[in-house]
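Accompanying notes for the structure given below.
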């Protein structure tokens, strides 16, 4: 009987079907898992596509609203800047004697500066005054553009 047990233990045929069953189960399990993953991916893609389309329509609506607001609400200039001011005699030599809003006075002064090339070549923020502007600037030969607006406002009534 000992030889029969050894012969039964050496049978390779009994081992192979068990191995085939295990091997057969693994690919089937992989296929099922792969199908589940594929289904999850497809299911995940569809709502994402809907979300993207929804976001695009919301963005388009927002752009239209902003554009409508820009057309409807045009910016009004500040009344204080648009009020005509009378320049002093010294400033009238540069911009003219007619009453002008502050914004137009500044534009005309800049036109005068550019026409006569009075802006400093090295430091562009500075204005080199000629005889007319020297009187407006209170006798200063060089004035920064920020200081210039302050000095000009002193010549407006």
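Rule-based calculations on the coordinates, nothing more; no lab input. Since we're looking at a predicted model, the values are computed, not measured. Positions of Cβ are backbone-derived with ideal geometry, glycine not excepted, and every protein chain shown enters the neighbour counts.
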*Hey, residue 91 hits all of (1) over 16 Å from residue 157 (Cβ atoms); (2) touching a residue at least 60 places away in the same chain (Cβ under 8 Å) but one; which does it fall short on?*
(1)
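Among the helices (runs of 4 or more DSSP H) confined wholly to the stretch 71-118, which include 3 or more residues that are surrounded by 12 or more Cβ atoms within 10 Å (Cβ to Cβ)?
Counting at least 3 such residues, we get 89-95, 102-115.
To keep it simple, each residue is scored yes or no on (1) within 39 Å of the chain's Cα centre (by Cα); (2) farther than 21 Å from residue 89 by Cβ.
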| residue | (1), (2) |
| --- | --- |
| 100 | yes, no |
| 105 | yes, no |
| 113 | yes, no |
| 124 | yes, yes |
| 127 | yes, no |
| 132 | no, no |
| 139 | no, no |
| 149 | yes, no |
| 153 | yes, no |
